[in-house]
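Let me begin by presenting the structure, written as structure tokens, before commenting on it.
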């Protein structure tokens with residue numbers, strides 16, 4: 001803490017200022033803080049598991065053999081160096097042999113891979129020109145649907161190509177130099193000229209992409225297309241060839257999340273020269289495989305993607321790179337071993353009690369709303385009653401049967417794992433929906449809401465001190481992990497979640513009056529955050545971060561109610577001179593302890609659906625109990641008159 005700062009001046013610095021003044025961001029990181037410390041702990045625990053697996057005499061085909069050999073293969077830099085760029089020959093030769101639009105369409109279809117959840121992540125990035133997400137159908141909860149997502153950009157977002165601001169223009173120049181270096185390292189002729197043409201191509205592709213705000217707007221993304229619609233709505237691509245190569249030729253319908261991107265992509269298939277496509281696909285293939293290529297490629301990828309875009313001055317040690325890559329490929333196999341060692345049944349039971357209390361408190365807040373009609377409250381309570389909460393780890397573990405992992409074949413293992421994951425997703429089409437399937441591996445410090453399944457995941461990696469500590473006070477635990485639980489619960493009822501009913505179907509279950517009142521409060525919160533300016537030339541995009549800001553506010557209020565209810569008739573005990581209320585809000589503020597580099601902050605402000613952590617703490621401005629706890633009065637910088645405090649739930 002920094003007690004020289006008044007709580008009402010900057011509550012983040014009051015709670016974290018002492019740490020912030022001394023904190024140094026590690027050279028291989030873009031930020032530091034609570035999440036960094038939890039990640040470090042999880043990484044070390046995971047490293048121990050992977051190194052033991054790599055040394056074990058495990059049975060062929062077992063999870064232990066697969067995670068051990070995958071990890072060891074990425075660590076084996078000597079073999080990677082010896083094989084050199086030859087491991088890319090098959091991919092690069094196929095690109096070089098492209099003869100016409102049909103062959104190009106087939107190649108693009110064969111490159112389609114599984115991608116992240118666009119309903120839960122506004123900062124997703126698809127490495128190939130399109131990504132596939134398979135999830136419960138927005139319009140029919142009895143079945144899975146294939147979702148097509150925009151992709152194909154080497155930089156994080158369309159704004160990096162189209163924003164005329166000087167910092168973005170400088171990054172475009174550096175990106176072009178990066179492309180030229182990667183092509184030169186691969187022995188490609190005329191790397192500078194090709195890099196310029198690739199950047200120009202990606203600008204045209206970016207111009208067709210949807211913005212981050214539009215990507216979070218279901219009225220713009222829920223676009224069911226019949227398989228027969230593609231030729232008319234997106235002419236230029238040989239869609240028969242594309243879908244056959246993707247293994248989706250029998251699929252009758254799709255949800256096209258980004259129709260302008262699909263249409264724009266198809267137009268580029270027809271309108272761009274085949275040589276431009278070859279150059280572009282070569283560069284994307286090299287970037288995609290860089291982590292598994294010789295050190296010169298790894299270093300160049302780091303120099304642009306981590307150093308220039310994220311401001312990270314030094315690369316991660318190789319073991320951490322290997323750990324992340326193994327997690328990406330075999331995350332649930334790693335997670336199963338992780339929770340057996342680090343998440344005992346009593347921890348799961350204790351967290352489930354907090355979950356129950358917060359869900360109960362949220363239900364009481366719904367009942368107490370004076371602006372919501374009784375019929376809408378009944379639908380909201382139905383949704384709350386059917387909410388499926390997963391704590392720690394899934395009830396059924398994902399199987400990796402059929403995935404072949406060969407020690408010494410780092411890039412081959414990567415490609416096979418990507419294809420295995422993609423085919424696993426495609427196999428779900430036509431199968432019954434598994435509402436208990438997890439979207440997150442257990443060993444990470446994170447949590448999520450899955451709106452189409454009306455489900456939550458709280459992995460074991462986040463359920464540790466300081467987020468949750470059995471030795472801490474109830475006030476601190478509810479202020480930290482309780483607020484996180486409330487945050488995820490509230491996503492079922494925010495500007496996104498309120499569009500889904502109890503079964504995950506997209507439907508308007510609010511009256512027009514209810515929706516108007518809700519949107520009014522949401523608009524006020526968006527305006528509140530848009531007034532914050534983390535950098536002299538960049539403000540927070542309150543619309544982009546709205547869902548997360550609503551969840552922060554609703555989550556902390558529900559957690560506060562749950563904590564007070566857990567006391568029963570007993571008074572809250574003091575701790576180190578702090579009242580129970582003060583402990584609660586301090587724990588919340590310290591759960592967002594963070595410090596980041598300017599480049600990383602700039603990238604987050606452009607692409608991330610979350611506000612910077614210090615401004616997430618500022619949500620307490622809207623909570624009456626915070627004012628009373630810290631004697632915040634008119635004239636303090638964080639003070640808001642009661643009428644201006646946003647009260648969504």
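Matching residues to (1) in contact (Cβ under 8 Å) with a residue 40 or more places away in the chain; (2) outside any loop (DSSP other than H, G, I, E, B):
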site: 367; (1), (2): no, yes
site: 394; (1), (2): yes, no
site: 404; (1), (2): no, no
site: 407; (1), (2): yes, no
site: 420; (1), (2): no, yes
site: 433; (1), (2): yes, no
site: 444; (1), (2): yes, no
site: 453; (1), (2): yes, no
site: 456; (1), (2): yes, yes
Selected residue [out of contact with any strand residue (DSSP E or B) (no Cβ under 7 Å at 6 or more places or on another chain) and either at pLDDT 95 or above or crowded, with 23+ Cβ neighbours inside 10 Å (or both)] from 583, 590, 521: 590
Lone unmet requirement of (1) surrounded by 18 or more Cβ atoms within 10 Å (Cβ to Cβ); (2) under 26 Å from residue 26 (Cα atoms); (3) out of contact with any helix residue (DSSP H, G or I) (no Cβ under 8 Å at 6 or more places or on another chain) for residue 314: (1)
Residue match in the stretch 227-236 (condition: assigned by TED's automatic domain parsing to the domain that holds residue 146, in contact (Cβ under 8 Å) with a residue 40 or more places away in the chain, loosely packed, with under 15 Cβ neighbours inside 10 Å and outside any helix (DSSP H, G or I)): no
Test set (1) more than 30 Å from residue 513 (Cβ to Cβ); (2) surrounded by 14 or more Cβ atoms within 10 Å (Cβ to Cβ); (3) in contact with a helix residue (DSSP H, G or I) (Cβ under 7 Å, 6 or more places away or on another chain) - residue 406 fails condition number: (2)
Residue within the stretch 546-569 that is surrounded by 18 or more Cβ atoms within 10 Å (Cβ to Cβ) and part of a loop (DSSP other than H, G, I, E, B) present: no
Qualifying helices (runs of 4 or more DSSP H) (wholly inside the stretch 258-342; at least 2 residues being under 20 Å from residue 42 (Cβ atoms), more than 21 Å from the chain's Cα centre (by Cα) and not assigned by TED's automatic domain parsing to the domain that holds residue 197): 318-342
Residue check for residue 361: farther than 30 Å from residue 606 by Cα, in contact (Cβ under 8 Å) with a residue 60 or more places away in the chain and touching a helix residue (DSSP H, G or I) at 6+ places or on another chain (Cβ under 6 Å): yes
Number of the condition not met by residue 378 [criteria: (1) within 15 Å of residue 493 (Cα to Cα); (2) surrounded by 18 or more Cβ atoms within 10 Å (Cβ to Cβ)]: (2)
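Condition check ((1) modelled with pLDDT under 90; (2) under 23 Å from the mean Cα position of the chain (by Cα)) across all residues:
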residue: 407; (1), (2): no, no
residue: 432; (1), (2): no, no
residue: 440; (1), (2): no, yes
residue: 491; (1), (2): yes, yes
Qualifying position, being assigned to a helix (DSSP H, G or I), under 33 Å from the mean Cα position of the chain (by Cα) and surrounded by 14 or more Cβ atoms within 10 Å (Cβ to Cβ), among 647, 616: 616
Residue 195 being surrounded by 16 or more Cβ atoms within 10 Å (Cβ to Cβ) and free of Cβ contacts under 8 Å to residues at least 60 places away in the same chain: no
Residues (touching a residue at least 40 places away in the same chain (Cβ under 8 Å), loosely packed, with under 13 Cβ neighbours inside 10 Å and not in a helix (DSSP H, G or I)) located in the stretch 52-106: 99, 100
Filter result for residue 274 (surrounded by 16 or more Cβ atoms within 10 Å (Cβ to Cβ) and at negative phi): no
Long-range neighbours under 7 Å by Cβ, at least six apart or interchain, first residue within 20 Å of residue 35 (Cβ to Cβ) within the stretch 577-592, second part of a loop (DSSP other than H, G, I, E, B): 590/466; 591/466; 591/467
Any hit, the stretch 130-149, residues being within 27 Å of residue 271 (Cα to Cα), modelled with pLDDT of 95 or more and assigned to a loop (DSSP other than H, G, I, E, B): no
Selection status of residue 27, in a loop (DSSP other than H, G, I, E, B), under 27 Å from the mean Cα position of the chain (by Cα) and either surrounded by fewer than 17 Cβ atoms within 10 Å (Cβ to Cβ) or not assigned by TED's automatic domain parsing to the domain that holds residue 592 (or both): yes
Qualifying residue in the stretch 630-641 (condition: part of a helix (DSSP H, G or I), farther than 28 Å from residue 25 by Cβ and either in the same structural domain as residue 17 (by TED's automatic domain parsing) or free of Cβ contacts under 8 Å to residues at least 24 places away in the same chain (or both)): yes
Residue in the stretch 34-42 that is farther than 22 Å from residue 588 by Cα, in contact with a helix residue (DSSP H, G or I) (Cβ under 9 Å, 6 or more places away or on another chain), in contact (Cβ under 8 Å) with a residue 60 or more places away in the chain and in a helix (DSSP H, G or I) present: no
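The values are calculated or read from the model by the stated rules, or taken from the named source; none is laboratory data. Worth saying up front: this structure is predicted, and the values here are computed from it rather than measured. Heads up, the Cβs are rebuilt from the backbone with ideal geometry, glycines too, and the neighbour counts pull from every protein chain shown.
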